[in-house]
Structures are given as structure tokens and as C-alpha cells.
Amino acid sequence: MADGFARPLPASLAFTPDVEAQTAAMWDKVKHHVTPLEWRLHAPLIAEINRLKREKNAVILAHNYMTPEIFHGVGDYVGDSLGLAREAAKSDAAVIIQAGVHFMAETSKVLAPDKRVLIPDLLAGCSLASSITGADVRLIKQRYPGVPVVTYVNTTADVKAETDICCTSANAVQVVEWAAREWGVDKVILIPDEYLARNVARQTNVKIIAWAGRCEVHERFTAGDIAEMRAAYPGAEILAHPECPTEILEAADFAGSTAAMNDYVALRKPKQVVLITECSMASNVQAESPGTQFIGPCNLCPHMKRISLRNIHDALVHDRYEVTVDPAIADRARLAVQRMIDLPPPAVPARYDLVKARHHVDVELI
Ligand code: 13P
Ligand code: SF4
């Protein structure tokens, strides 16, 4: 199930001149992050995966945290959680390969129940998704009757099924305000990421009830990391993901989802930038922004890093590992995800401006 690098590649997957020509444009995008020696292993797999996709009518949905050879080599749709969910709903392919983590594959299955959804490694989990269960949400609803439940997409289908509407970091403020208006209440349950909830609470006058889930990647950043970066690189612009603690967002120049960070770099073209998020994000954005220098720190997500070209290839060849969701749960979860998708996209890319935050209320932690 794990990567399988111990097994030799089939002899047919050789770095031939034809493979080199087919993958030349991709090499150009990844050459600052992948060595020529590594490319000799990656390129034949990329060519074969792209051939298999056509043969099997499959698409690969690749999250921004995938390694550059996956992101630029085989991803048909790349982006943040919201973007990938939208693509899953629209796709005409018979098979979806989720180059991401298990909750993303479940979301794809929920939105595309007639398609076969495969994840290359079943152990690609998420600390946020495993922090809460459907039974927990049922208890929360008993404790706060009449309060709408907004759930981050980084959750299992079981949790989404107990939810009124889903959100991602790209639209959480908009969704919370929508739920408060629709239900005619002044408070909303926003679960399971405590930091996302605290960061949203600073952007709205809706009261937030939160759960103490954490992203194990983003919770590790500290205000000290930012202070060190400012001292070492005074001109660098610092961008942070809203799963980070609030002190990070207060110290950053910009905060937004992975797609919002990507847009920020593409539009503003800073000379130097620090991305406070998962490591592969910087490598992937850099390929599209050669004029910008990207500076650490970053943390690896061990779950995202379980996905490799090798296990994507094996998923296509062996038609594995299928992700299924109980149809009764999927039907309820779909309502919550679809409600989110149906909201109009924000007029400007959602950003978390905690420097100028309008509200300084604390959240109620369950
Ligand atoms: P977004 O891509 O939605 O910003 O999510 C980040 C993340 O941690 C996904 O697991
Ligand atoms: Fe989960 Fe964090 Fe990894 Fe995203 S980066 S999959 S939220 S642990």
C-alpha cells in the first residue's frame, strides 16, 4: 500500500527519447525541484499514467500539496479543496483518481456517485478529518438546538451528513454569514478546525462555536517563525493558510486558501515570498512565477505525501483502491456540499485580514 519504491519499475517504463520528448514541457516546470536523475524515473511513469488515463477514461484531481511531478506531470485538474470538489461534480470521466487525501476522495464520490473513485493509498488521512465523528456532531446538535452546523470539507462523509452546509478555507466567512442569515440566528457551529474557526470569528460579527480539531501541518507554525523570517528577509511578503494559529495570521501580510495564495503570487508578483503552509505548495506555485523567490519555512503533510507517481500508476493498472460511501450517508452529505457549491463565488478572492480584523470576540470551544 505504501509507495512501493522497493519494487523495481517494469522494464517497459524506460526513459526513452520518446518519453523525454513527451515530458519535456513538464520537466521545464519542475526542473528546479527535481534532479535529472529523479526525472529519469518520473518521466516514464508520467507518460504511462497519461496513456492509462486516456485508455480508462480517468481524470486525476490533484491538490496543491501534491509533489511537483504529480501536480505538473499528471494532474488534469489542480487546485484547492473547493476547486477539486467543483471539478468532481462536473467531470465526464468514468474514473476519478484522487491525488489528495481520503476525505477529498469521499467528497468526489459524494458529488459523483456514478463514477468509480480511486485513491492510490488508503492510509492518506487527515488529522482534522479524524478529529471528529458523525456521532460527535449529533451530540453537538443536541447541545445547540436550532444553531446551524457549518463543516469544513476536511471531514468524513459521515460528518458531512450531519451538517447543514460545508465550507472550505476559501469561503468559510461567506458560508458562516450565509448560514446565520438563512437560519435567522446570531451564532453558528463551525467545525472541526479550531484555528479556522478562530480566524473566521475575527472577520465576522456572527458568534462562532468551535471544535478543538487541528491540522497537524499548520498548527506547528509559530509567531517566532514569522519574526525570524521578517528579520532575515525584510522585503519578503508573508502568506499564511487560515488553518494556522491566529497569531500567525495577525503577523502575516495575507492569509487565504491555497488557491488564494496562488492567485496572490500570480497577480502581485512579489520579489520574495514566504508561504506558511505545506512544502509542495511553494514548489508548485514557483513553476508559474519564475520571477518570485520562495523562502521556507514549510511543513510536510505526511498524509498528502503518501501519494506518489508509483501508486497512482498502480491505482490505474489494478483499478484500486476504490472509495465508497454508503448511499444514504452520501445523499445527506451531498446536500451540505452542494449547498456550498451553489453559493455564488465571492466577488474578490476570499482573504483573511487579521491585521485589520473587525472583530475581537473569542469563540466558544465545545
Ligand atoms: P485548501 O486547499 O482548501 O486551502 O486546503 C488546505 C488543506 O489543508 C487541504 O488538506
Ligand atoms: Fe489534513 Fe492538514 Fe494534511 Fe490538509 S495539510 S490533509 S488539513 S493534515
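Relative contact order for the stretch 227-366: 25 percent, from Cα pairs under 8 Å spaced at least 6 residues apart, divided by residue count. Gyration tensor analysis over the Cα atoms of the stretch 20-74 returns equivalent ellipsoid semi-axes of 19, 14, 8 Å (largest first, whole Å).
Counted over the stretch 271-311 with a bin width of 5 Å, the fraction of Cα pairs per bin, in whole percents, is 5, 22, 28, 19, 15, 8, 2, 0. At 0.36 nm per residue, and after removing the present C-alpha to C-alpha distance, how many nm does the segment from residue 269 to residue 185 gain when stretched out fully? Gain on stretching residue 269 to residue 185: 26.1 nm. For the stretch 68-173, the equivalent ellipsoid derived from the Cα gyration tensor has semi-axes of 27, 14, 13 Å, listed largest first.
Just want to confirm a number: the relative contact order over the chain, from Cα pairs under 8 angstrom separated by 6+ residues, in percent. Once divided by the residue count of the chain, the mean separation gives 22 percent.
Relative intensity of the stretch 269-348 on a log10 scale, I(q)/I(0) at q = 0.11, 0.26 Å⁻¹, equals -0.61, -1.05, per a Debye sum over C-alpha point scatterers of equal strength in the absence of solvent. In the stretch 63-179, a dipole from Cβ-located charges (positive for Lys and Arg, negative for Asp and Glu) runs towards its positive end, and of 168, 146, 133 it is 146 whose Cα lies farthest in that direction. Helical runs assigned H by DSSP (4 residues or longer) give the chain a calculated mean residue ellipticity at 222 nm of -12500 deg cm²/dmol, each run adding -39500 (n - 2.57) before division by the residue total. In units of the rule-of-thumb radius 2.2 N^0.38 Å, the stretch 109-257 shows an alpha carbon radius of gyration of 1.15. Membrane-span-like helices in the chain (whole DSSP H runs, Cα extent of at least 20 Å along the helix axis, mean Kyte-Doolittle hydropathy of at least -1.0): 36-56, 327-342. Pairwise alpha-carbon distances in the chain exceed 41 Å for 12% of all pairs.
Applying the criteria of a DSSP loop state and at most 14 other Cβ atoms within 10 Å to the trypsin sites (Lys or Arg not before Pro) of the stretch 253-310 yields 271. Taking Cβ separations below 4.7 Å as the criterion for a possible disulfide partner, the isolated cysteines in the chain are 126, 166, 167, 215, 244, 301. Here is the result for the stretch 22-57: no GluC sites (Glu not before Pro) lie in DSSP coil with at most 16 other C-beta atoms within 10 angstrom of their C-beta.
One decimal place: the segment residue 177-residue 143 gains 10.1 nm when fully extended, by the rule 0.36 nm per residue minus the C-alpha distance. Computed with the Debye formula from one identical point scatterer per Cα of the stretch 35-109, without solvent, the log10 of I(q)/I(0) at q = 0.26 Å⁻¹ comes to -1.20.
Read the figures in this text as sums done on the coordinates, not as results from a lab. All figures in this text were calculated on a predicted structure; none of them were measured in a lab. For neighbour counting, all protein chains shown are included, and Cβ atoms are generated from backbone atoms with ideal geometry for every residue, glycine included.
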